[in-house]
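Data first, discussion second: the structure below is written as structure tokens.
What follows draws every value from the coordinates through simple rules; no lab data is involved. Please read all numbers here as calculations on a predicted model, not as lab measurements. FYI the Cβ positions are ideal-geometry reconstructions off the backbone, even for glycines, and counts take in every protein chain you see.
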Amino acid sequence: DGGITQSPKYLFRKEGQNVTLSCEQNLNHDAMYWYRQDPGQGLRLIYYSQIVNDFQKGDIAEGYSVSREKKESFPLTVTSAQKNPTAFYLCASSIGLGRTSTDTQYFGPGTRLTVL
Amino acid sequence: GQSLEQPSEVTAVEGAIVQINCTYQTSGFYGLSWYQQHDGGAPTFLSYNALDGLEETGRFSSFLSRSDSYGYLLLQELQMKDSASYFCAVRDRSSYKLIFGSGTRLLVRP
């Protein structure tokens with residue numbers, strides 16, 4: 001079955017540590033995204049990538065970093081510079097950036113990060 | 001820039017019809033999408049309006065009026081499983097980013 005997987009489902013981090021969240025898709029999608037969701041809030045875009053070896057900052061990129069070395073993978077690192085990282089992190093992918101199409105975004109199950 | 005406004009919460013009775021509104025301020029976008037998210041789960045795509053008018057998909061319909069900067073999601077024959085958060089979203093024409101509203105929490109009562 002095609003889809004998006006994220007791991008781990010739950011992650012606990014000590015202050016000052018960097019952690020990396022995994023996102024893998026086998027949908028052959030070019031575009032991938034990372035969102036942050038806080039309780040009772042909408043989704044805020046952290047980073048997105050249109051193609052391998054290319055990515056752009058979203059609205060809240062500070063304290064985060066990404067890489068896109070393979071089409072299937074778009075890992076997110078939450079660095080110690082992110083002062084309030086406790087949140088639900090969602091990875092998504094789409095065929096392209098949807099200039100003219102419906103370009104549905106498909107979401108992974110999410111990673112819930114808690115800073116201890 | 002883009003901003004989308006939705007009511008924070010809506011309550012309705014099982015079997016009824018409910019409308020969730022989305023008003024937006026935008027400098028240009030490709031279309032209006034709707035996503036559903038159950039507590040603790042991932043958002044899933046429901047509907048998309050590229051053009052003005054009504055799009056129907058089973059019990060769900062979505063409407064867009066660009067002249068009024070307004071859209072809505074209509075859910076008919078409500079079921080308990082429809083209790084979830086619903087987000088409208090637009091794809092910004094210049095950056096191609098998908099911008100989400102803050103979401104409407106729908107509670108369906110027996």
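Quick one: plug the Kirkwood hydrodynamic radius of chain B (C-alpha pairs) into Stokes-Einstein at 4 °C, 1.567 mPa s, and report D in µm²/s. Walk me through the intermediate numbers first.
Working: Rh = 13.9 Å.
Taking Rh from Cα pairs, D becomes 93 µm²/s.
Using all pairs of distinct alpha-carbon atoms, the Kirkwood hydrodynamic radius of segment A:10-75 works out to 12.9 angstrom. With the simple spin-label model, which puts each label point 7 Å out from Cα in the Cβ direction, the A:LEU116 to A:ILE51 separation comes to 4.4 nm.
Quotient of the Cα radius of gyration of the protein assembly as shown and 2.2 N^0.38 Å, N being its number of residues: 1.01. Here the relative contact order of chain B, from alpha carbon pairs under 8 Å that lie six or more residues apart, stands at 37 percent.
Label point of A:THR104 set 7 angstrom out along Cα-Cβ; within segment B:6-34, amide nitrogens under 18 Å from it belong to B:31-34.
In terms of the Cα gyration tensor, with a ≥ b ≥ c the square roots of its eigenvalues, is chain A rounded because a/c is under 1.5, prolate because a/b exceeds b/c, or oblate? Can you show the working numbers first?
Numbers: a/c = 1.69, a/b = 1.67, b/c = 1.02.
Prolate, because a/c is 1.5 or more and a/b exceeds b/c.
Taking other C-beta atoms within 10 angstrom as a stand-in for reagent exposure, B:VAL90, B:VAL13 fall in the order B:VAL13, B:VAL90, fewest first.
Nearest 5 percent is fine: what portion of the DSSP beta bridges confined to chain B is antiparallel? Mind showing how you got there, number by number?
Numbers: 38 of 43 bridges.
Counting only bridges with both partners in chain B, antiparallel ones make up about 90 percent.
The slack between A:SER7 and A:ASN84, meaning 0.36 nm per residue of separation minus the straight C-alpha distance, is 25.7 nm.
Using 16 Å as the cut-off for backbone N distance, which residues of segment B:22-47 belong to the label zone defined by a point 7 Å from the Cα of B:THR57 along Cα→Cβ? Within reach of a label on B:THR57, which here means backbone N under 16 Å from a point 7 Å along Cα→Cβ, segment B:22-47 contributes B:31-38, B:42-47. If you run the Gaussian network model on chain B, springs between alpha carbon atoms under 10 Å, then out of B:SER67, B:SER33, B:SER47 the most flexible one is B:SER67. Bridgeable lysines around A:LYS71 (alpha carbons under 29 Å apart, same-chain partners fewer than 8 residues away excluded): A:LYS9, A:LYS57, B:LYS97.
Are there GluC sites (Glu not before Pro) in segment B:54-94 that DSSP marks as loop and that have at most 15 other Cβ atoms within 10 Å, and which are they? The partial results should precede the final answer.
Numbers: sites: B:GLU55, B:GLU56, B:GLU77; in loops: B:GLU77.
Within segment B:54-94, the qualifying GluC sites (Glu not before Pro) (loop, at most 15 other Cβ atoms within 10 Å) are B:GLU77.
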